[in-house]
Amino acid sequence: MVALEAQTGRRERPCTSPHGGECRSTSVETFDRPAADRAPAAPDRPPAAADRLPVAPGTRRSRRRAAPPPDRTPPVHPPPVDAHTGTLPRLVTGRRRTVLMLLGAVAVLSAAGLVAGLLSWAPEAPEPPRAASADERARLDAMRVTNYRDLRAGVHVTAGTGGARIELVGWVDWSRALAYLDVGGPGAGAERGLLQATPAVAVVRPDPGAVPTPAPPPLVPPTDRWRLHELPADRGPAPLLDLLFSLAADRPDPAADPAAVRWVGRDTVEGEPVDILQAPPPGRPSPPARNGPQRHWLDRDARLHRLETRLPGTGPVTVALNRTDRPTLRPVDALGGRPGLPRALDPAEQDRLHRLPARLRARGGATVTLTAPVGTTTNLRGAGWVDWRGRVTYLTVADVGAPDRRTLLRRAAAGASRMAAPAGAVAGTAEAPSRPPLPPPARGWRPDKTRDDLAVLLDLALRAGVAAPEGTARRIRGDSLAGRGVDVVEVRTARAVVRYWIDRTGLLCRLELRTRPGTWAQLDLRPGPVPRLGGPAPARPVKRPPTRASGR
């Protein structure tokens, strides 16, 4: 019975008659099931039909109904939306507020400790200068040999201060004793532009309109406008070039006086630790009055990275070396052109040199262009012809140092003569004068007895069509000129060193002469027909009878 009531949710109540007899009807009383036995109803709505127990048909529904249990869960209201950002505001609970306060306190304490530490910190005292150790002196003694074995390095030289400051940027090749630099700075003056130099001679390519700040020069140097230039010995690039070339040697220096070498500090150059050593200039003794002591930034392998010194007439000098920037340098033509591997002539090359005169006479002549740096203040340019059949040369010659003057030169078997070119007879510029007038002027010639480098070069050009060169011949290198492959053959005699540029057909394309200052003068030839170069014979000196002194 109890089980049935639990399942149906109703129970029958027996009816008793007031008279004590049996009741013929029963009443059914409905009741609500416990909350645990039915699904909870949604708040604020009446119980569903499934939540109410059915009433048996034919029975009287009880008027007393069980009240639903009260819902003790508080209503959940969504937080308001921020009107500015459109997002829900961040709710800070009490625990979160406590954590934020703790983190802020830790940050304040850390900052206070850092400030107190910085106020109480003091840098370590630098190590005082001392006498160099044996290892440091040995590295300094080996520095120049290391530079020589490394062959080349990039350089940036700064000399002087203020308006007299000059800068050199480029490369130095210690193995070939060649420097290739761009000269700049406010104190560069007439040397502003490109510069190539050896320990004996320097050629420049002036560029007065260049910007004051120098930049690395082009790896392939320009071919024109190079000239021999005399550098003042006590200022400008000359003492700086001497300093650069003195940093290399093919053998170790004598051991320096231990008392003269000092260790003055440590530094880092391009991430590499170096020692700073102070010593007199290496290689040769130098009185302190002329050159001050030098400071060398040396690494563990005896490689120099930086040099500081003072030079008289120049002031403070700083040399920074880039040990990784070391391209192969190409000297300009005035310094002999790019190096090669000299060797003896093979049979084909020997045959072309032997047959050269006959082939030149068969061509008749050539148009020539002259480039001759023959003196520190004499840089000649010229144009004209050479006639191998008539054995005559006829040229216009100009000096870039005197751009308004032109000279006509004529050399023949009977002798040489020259004359000042008439005004307006020769066009062109000093760097590229035009060829001389035709026919040659009839008057104004005078004998030319000079035997300078230009005269030797023109005589060699005439002899090239007469007889084969005599002397010790060797092939210097292969090269190209005007798009043609040539062999550069050097012939040495007791009087001159000459280079013949001979193409594969056996024709002469260029003739070079080593000049007295140490440069190379070039005569470029384009074999072919030439105009008739006859004309008046060279003037002969007029012999005048001796005059008697008065009173005799």
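Just so it is clear, none of the values below were taken in a lab; they were calculated from the coordinates. The structure presented is a predicted model; accordingly, all values stated were derived computationally and were not measured. So basically every Cβ, Gly included, is an ideal-geometry build from the backbone, and we count neighbours across all protein chains shown.
Both radii are taken from the alpha-carbon atoms of the range 471-531; with Rh as the Kirkwood radius, Rg/Rh is 0.99. Once both labels are positioned 7 Å from their Cα atoms along Cα-to-Cβ, the gap between ASP267 and ARG504 label points is 5.4 nm.
Counted by Cβ distance under 15 Å from GLY154, the other residues give a net charge of -1, where Lys and Arg count +1 and Asp and Glu count -1. Length gained on full extension, ALA362 to ALA414: 16.5 nm, using 0.36 nm per residue less the C-alpha separation. The residues packed around ARG227, meaning those with a beta-carbon under 13 Å from its beta-carbon, carry a net charge of -4 if Lys and Arg are +1 and Asp and Glu are -1. In terms of overall dimensions, the range 159-279 has a Cα radius of gyration and Dmax of 16.9, 51 angstrom.
Our summary gives the range 429-528 a relative contact order of 16 percent, counting only alpha carbon pairs under 8 angstrom and 6 or more residues apart. Scaling the Cα radius of gyration of the range 196-265 by the globular reference 2.2 N^0.38 Å produces a ratio of 1.57.
Across the range 148-219, counting alpha-carbon atoms alone, Rg and Dmax equal 12.2, 38 Å. Compactness of the range 376-436 is given as radius of gyration and Dmax, 11.9, 35 Å, from Cα positions. For ASP257, neighbours were defined as the other residues whose beta-carbon sits under 13 Å from its Cβ, and their charges (Lys and Arg +1, Asp and Glu -1) total 0. Pair-distance distribution of the range 335-471: all C-alpha pairs, bin width 10 Å, starting at 0; shares per bin in whole percent are 11, 36, 34, 16, 4, 0. Using the Karplus relation 6.51 cos²θ - 1.76 cosθ + 1.60 with θ = phi - 60°, the per-residue 3J(HN,Hα) values for the range 179-195 come to 10, 10, 9, 10, 9, x, x, x, x, 5, x, 5, 8, 5, x, 8, 9 Hz, with x marking Gly and Pro. Multiplying the residue separation of ASP459 and ALA482 by 0.36 nm and subtracting their alpha-carbon distance yields 5.9 nm. The relative contact order of the range 151-288, computed from alpha carbon pairs under 8 Å that lie at least 6 residues apart in sequence, is 15 percent. Using a ≥ b ≥ c from the Cα gyration tensor of the range 324-411 (square roots of the eigenvalues), is it rounded, prolate or oblate, where a/c under 1.5 gives rounded and otherwise the larger of a/b and b/c decides, a/b for prolate? Oblate.
A simple spin-label model places the labels of ALA423 and LEU102 10.4 nm from each other, with each point 7 Å out along Cα-to-Cβ.
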